[in-house]
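Before any comments, here is the structure.
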Amino acid sequence: MAVFRKDPCGIICLIITYSAVLYADYVVVQWLILPTMAMSVSGYFHAVAFNLIVFLLITSHVRAVIADPGIVPLPAAAIDFSDMRFGVIPKNILSQDGENWSICQKCEAYRPPRAHHCRICQRCIRKMDHHCPWINNCVGEFNQKFFIQFLFYVGLAAVYSIVLIILCWTTTSSKHLKFPEHNAKVAHTIVLIVESILFGLFVCAIGCDQISAILEDETAVEQVKRNKGSRHQVEKSRTELLKEVFGRGSRLCWLCPFSTGRFPTITPPNFTQEV
Ligand SMILES: [Zn+2]
Ligand SMILES: [Zn+2]
């Protein structure tokens, strides 16, 4: 099920993201590769390689944006809280899989363990990590993989841009450019350096947080809710925890944004049977 949030902040962040990526691609091809390595094997190689990274970056981003992050379905009839006061409706119920579902007062429905309510999505999200304006969506159980892939390809594009800047500015043929082209090349290069450093450091910090949260088996929301000082017990192996996010297939597919996501149908337990 594809989703798209009409959140102004998220939509502005999407426009900034695509503008920054397309601008970086324009500078790399137009102002770095073409004036210095045009028609050479290395020129073709770098143009294809950089555009391949941009393609994978945009694909993983689009999938993180439109994927269902793990929205907990609503029951056909909302829970009537007036019944709860008289003890008619239980606070917790067991699903068919033995999961302990609890009540979300905002959704007026039961939600599985580790699901949290997102104020922006206005729904409970399975294993919600945080609501990310850069993908205009929640980062949850079903789209975290695409979100981390997006961070990885942004980081890779940032590092590759810096490498290409160094390569192209140390190539002697770049001196052929005359005024005002030379000044334009200097200006675009400076903007690309600033952009690459800013986005590179940003995704590196978030990426490290994401991986440590997976290995700790604790989402950002859960880290905040846990009492300070208490230690969280991790019961699964690191590989098992990573497979839960990136899928059970080959590890080579972990960075592939084309694999079909895990979108199991979630059937909310029918609480009337439990009463
Ligand atoms: Zn909720
Ligand atoms: Zn959200």
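Filtering the range 5-54 to residues that are farther than 20 Å from residue 191 by Cα and hydroxyl-bearing (Ser, Thr, Tyr) leaves 40, 42, 44.
Every listed requirement among (1) free of Cβ contacts under 8 Å to residues at least 60 places away in the same chain; (2) surrounded by fewer than 24 Cβ atoms within 10 Å (Cβ to Cβ) is met by residue 121 save one, (1). When you check residue 64 against the structure, is it at pLDDT 95 or above, among the small types (Gly, Ala, Ser) and out of contact with any Lys or Arg (no Cβ under 7 Å at 6 or more places or on another chain), yes or no? Yes.
Residues that are surrounded by 17 or more Cβ atoms within 10 Å (Cβ to Cβ) and closer than 15 Å to residue 140 by Cβ were ranked within the range 109-118; the one that is nearest to ligand 2 (Cβ to nearest atom) is 118. All told, residue 156 falls short of being crowded, with 24+ Cβ neighbours inside 10 Å, modelled with pLDDT of 95 or more and not in a strand (DSSP E or B).
Just one residue in the set 16, 58, 12 is more than 16 Å from the chain's Cα centre (by Cα), surrounded by fewer than 20 Cβ atoms within 10 Å (Cβ to Cβ) and not in a loop (DSSP other than H, G, I, E, B); that residue is 12.
For the range 87-108, a residue qualifies if it is in a loop (DSSP other than H, G, I, E, B) and open to solvent by 30 Å² or more (accessible area, probe 1.4 Å), and the qualifying residues are 87, 88, 90, 91, 96, 97, 98, 99, 105, 106, 108. Can you pull out every residue in the range 130-150 that is open to solvent by 10 Å² or more (accessible area, probe 1.4 Å) and either over 30 Å from residue 25 (Cβ atoms) or outside any strand (DSSP E or B) (or both)? Those that are open to solvent by 10 Å² or more (accessible area, probe 1.4 Å) and either over 30 Å from residue 25 (Cβ atoms) or outside any strand (DSSP E or B) (or both): 133, 134, 141, 142, 144, 145, 148, 150.
The values are calculated or read from the model by the stated rules, or taken from the named source; none is laboratory data. Just so you know, these numbers come straight off a predicted model, no measurement behind them. Every residue, glycine as well, gets a Cβ built from its backbone with ideal geometry; the counts of neighbours run over all protein chains shown. Surface areas here come from the heavy atoms of the whole protein model, side chains and all, with no ligands, DNA or RNA. Shrake-Rupley method; radii C 1.70, N 1.55, O 1.52, S 1.80 Å.
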